[in-house]
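Nothing in this text is a laboratory measurement; each read-out follows from the coordinates by a stated rule. None of the values given here were measured: they were computed from a predicted structure. Glycine also receives a Cβ, built like all others from the backbone with ideal geometry; neighbour counts cover every protein chain displayed.
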Amino acid sequence: MTERIFSEGETVAVLTTEPLGPFLDYRAPGGGCGTGDFVEVPLGPRRVLGVVWGPGEGGFDPARLRSIARVLDVPPMRAELRTFLSRAADYTMTWLPAMLRLATRSPGLFDPPALRRVLRLSGPVPNRLTEARLKVIEALRSFGAAPVTPGELSTAAGVSASVVRGLVKLGVIAEEEAPRDLPYPRLNARAPARLEGDQVEAGAALAQAVAAENFQAVLLKGVTGSGKTEVYLEAVAEALRRNRQALVLLPEIALTADFLARVEARFGARPGEWHSGVTQTERRRLWKMAAEGEVGLVVGARSALFLPFQDLGLIVVDEEHDTSYKQEDGVLYNARDMAVLRGSILGCPVVLASATPSLESWVNADQGRYARLDLTTRYGAAEMPAMRAIDMRAEKLPSDRWISETLAKGVEDRIRAGEQSLLFLNRRGYAPVTLCRACGQQIGCDDCDARMVEHRFLKRLVCHQCGATKPVPQSCPSCGVEGRMAAVGPGVERLAEEVTARFPEARLAVLSSDLFGSARALKEQIAAIAEGAADIIIGTQIVAKGHNFPLLKLVGVIDADLGLQGSDLRAAERTFQLMRQVAGRAGRAGAPGEAWLQTHQPEHPVIRAILGGDEEAFWKAEAEERRAAGAPPFGRMAGIILSGPDLQPLFDYGGELARADAPLRRIGAEVFGPAPAPVARVRGRHRVRLLVKAPKAAPLQAALAHWIGQVKQPKGMRLAIDIDPQSF
Ligand code: ADP
Ligand code: ZN
């Protein structure tokens, strides 16, 4: 895909975001256009956004083709990004227009820049000015050439807006209009690295990978607190020194002020930010500045991967094992894998960082496809927490209590020492099950195949699948008996009751995503905890990710067995990752902490591995199990999810597909199902899944397309293809 210029009237293929194409032919407008240009094209009575992709198909009478309406005044999409979109579309079996939508869906990206009022010194400064006015002049001078708004200026000077207005009236300061799209401040990458121990070597290796300007995937593995961030920031510094751009992807939830502050401390300015909390104006600015090379470092959630960088020299995927990198609706893609794809197209290194890598990345490193760097010690002589199991069979707790005597004693000791304890339970709400003691009926969601979870905080039952709520019934909806509805099992709210009863004096904080109205409220709570505002923290998995609580010394896992049930082949991997991440919260700075796991099966191999058995041996054993099953990453998987209002037609069609499996057998693939999907009903739509398992090197996508294409799909049914599903 080399750049090409088309002169007026030539036929060009335009990719739009509409599902009509993928490509539609148009005539180049007056003044011509080039490949990659963002354009507006007429489509029926509307005008839609598109990208010039190349020469048209021809075959039409050019006189009857419509012309491109307008070439937009934004940087053209580079060949690299066009290649990435089409390869990603091929891989995920996504219709290319949907892929373009993903890259351009943020509203307002193509609007003309809004203007804003900015100030500059204009007239001579009269020598008799009030103190307040002098402060304003001084502040304005300190901004140098950077434009500053009246509001920013009065804030910087610490005076009221009227003082600034007064100076404008006097003619000392002039107001003018300037576009909003300001370049980001340059990051200063010259400050020397402050790495030590095995960080030095790892930092040098990453910097060298950046300097080589070649594609290479590197797994950066190191326990929490070992300095992975510190190390990959050195790779970022190397990219910046070469005047290239860098992208750091973080799971949305880990995009904390903490990280931004660290970048600022290291490089003297903040990076560009791209995630759901960023305003439309700011997104527009970042999108444009990325394309113009006017932002050096971008920190973002998975969709930042689709930004139009001018010259990207490094991609970092932090917490690479995190399941939130997989987008589970719309275009089904895994941002970690797509990062590797984009890096390979760009020819730049991709760093995958984690304390607990995914099995996929572990195997890729083991087999030599990825380089691997290990950080084995925690920074500043901090040690990994001492781990132990609490055998719940010996504790004999009553059925409505979940904190063992052993754990309670540990928490007590910590409170006495002025230290924090974290009780980890990955269950939101009050109780996971609400049932009738008379007939045994459990309350489920009307629209989903999911139990309703009681949330006392909201005083309602909530479906965690679709968000539907209803009041907790007084009498059983099934048998009508009154007053026998019971909450069964613990959620964090219920655990909080137990903690309050057991430790009435302790200051308690509950961290669960549903208890916070906004991301900001959650951030504030986390900051307060870090400063010691709580003695006991109860948390769901939101505490497992990247937050730093310096006073936290004891982590108690309420139910370490929770993730081990079920038949999912990934259960062991996920449990191992989660438990290790949670344990890593303890004792980060200074003295080592402890992590205690309440379990009914202390002899379970996964529990034993978590407790500090040989980690590499655990991964080897897991890998062997997957290899034996022909499962990823040794084989390939795809899920075919059929959804519709009625169940029977889904099974009928699924059955037909399963029988027509010749194109799959030809590549050595097998099909399983149809079976109810992992979530079998959502929002009133039934979901049925077929799983396809193929040998690693088989041309899976082509075979899938052929296979599905042969069986006519009934109306009213949706089919989604999930390449590399999360659960199997
Ligand atoms: P990880 O990303 O592996 O969890 P971090 O990079 O966040 O580790 O490091 C953990 C803590 O130790 C941070 O507070 C960080 O600032 C500090 N740290 C790590 N390495 C160094 C170093 N070489 N010099 C100074 N502080 C460091
Ligand atoms: Zn529901």
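Ordering Ser643, Gln710, Tyr653 by the projection of their Cα atoms onto the charge dipole of segment 635-723, which places +1 on the Cβ of Lys and Arg and -1 on the Cβ of Asp and Glu, puts Ser643 at the extreme positive end. Short-range pairs are left out: with C-alpha atoms under 8 Å and at least six residues apart, the relative contact order of segment 207-375 is 39 percent. Under the rule a/c < 1.5 gives rounded, and otherwise a/b versus b/c splits prolate from oblate, where does segment 61-198 land using the Cα gyration tensor? Note, shape of segment 61-198 comes out oblate. The charge dipole of segment 398-546, taken about its Cα centre with unit charges on the Cβ atoms of Lys, Arg (+1), Asp and Glu (-1) only, comes to about 160 debye.
Averaged over residues, the count of other Cβ atoms within 10 Å places the peptides 532-540, 433-441 in the sequence 532-540, 433-441, highest first. By the Cβ rule of 4.7 Å, the chain holds the following cysteines without a possible disulfide partner: Cys33, Cys348, Cys466.
For segment 679-684, the Karplus equation 6.51 cos²θ - 1.76 cosθ + 1.60, evaluated at θ = phi - 60°, returns couplings of 10, 7, 8, 9, 6, x Hz by residue, with Gly and Pro reported as x.
Around the amide H of Gly36, modelled in the peptide plane, lie the amide H atoms of Val52, Trp53, all under 5 Å away and 5 or more residues distant in sequence or on another chain. One Cα centroid belongs to segment 1-73, the other to segment 381-432; the line between them spans 63 Å. Sorting the segments 274-283, 217-226, 669-678 by their mean number of nearby beta carbons within 10 angstrom, highest to lowest, gives 217-226, 669-678, 274-283. Give the residues of segment 484-503 whose amide nitrogen is closer than 20 Å to a point set 7 Å from the Cα of Glu405 in the direction of its Cβ. Answer for this model: 498-503. Counting only DSSP beta bridges whose two residues both lie in the chain, roughly 55 percent are antiparallel.
Of all lysines in the structure, the ones whose alpha carbon falls short of 30 Å from that of Lys135, not counting any fewer than 8 places away in one chain, are Lys169. Given their separation in residues at 0.36 nm each and the Cα-Cα distance between them, Ala69 and Ala680 gain 215.4 nm when the chain is fully extended.
Kindly identify segment 130-171 as rounded, prolate or oblate by the Cα gyration tensor criterion: order the square roots of the eigenvalues as a ≥ b ≥ c, call it rounded if a/c is under 1.5, otherwise compare a/b with b/c, prolate if a/b is larger, else oblate. Since a/c stays below 1.5, the shape of segment 130-171 is classed as rounded. Close amide-amide hydrogen proximity is noted between Val148 and Leu119, each under 5 Å apart and 5 or more residues distant or on a separate chain (H modeled in the peptide plane; Pro and chain starts excluded).
Selection among Leu140, Gly296, Val340 by position relative to the dipole of the chain gives Leu140 as farthest towards the positive end (Cβ unit charges, Cα centre). What you get for the chain, charging only the Cβ of Lys and Arg (+1) and of Asp and Glu (-1), is a dipole of about 1280 debye around the Cα centre.
Here segment 679-719 is assigned +1 on the Cβ of each Lys and Arg and -1 on the Cβ of each Asp and Glu. Its dipole about the Cα centre then comes out at about 300 debye.
When the Cα positions of Ile723, Ala669, Phe110 are compared along the charge dipole of the chain, Phe110 comes out farthest toward the positive end, with charges on each C-beta of Lys, Arg, Asp and Glu. Averaging Cα coordinates gives a centre for segment 93-162 and one for segment 333-358; these two points are 36 Å apart. For the chain, the gyration tensor built on C-alpha atoms gives an oblate shape. Its axis ratio a/c (a ≥ b ≥ c) is at least 1.5, and a/b is not larger than b/c.
For segment 115-179, the relative contact order is 54 percent, taking Cα pairs closer than 8 Å that sit 6 or more residues apart in sequence and dividing their mean separation by the residue count. When Leu153, Leu297 are sorted by how many other C-beta atoms sit within 10 angstrom of their C-beta, beginning with the fewest, the order is Leu153, Leu297.
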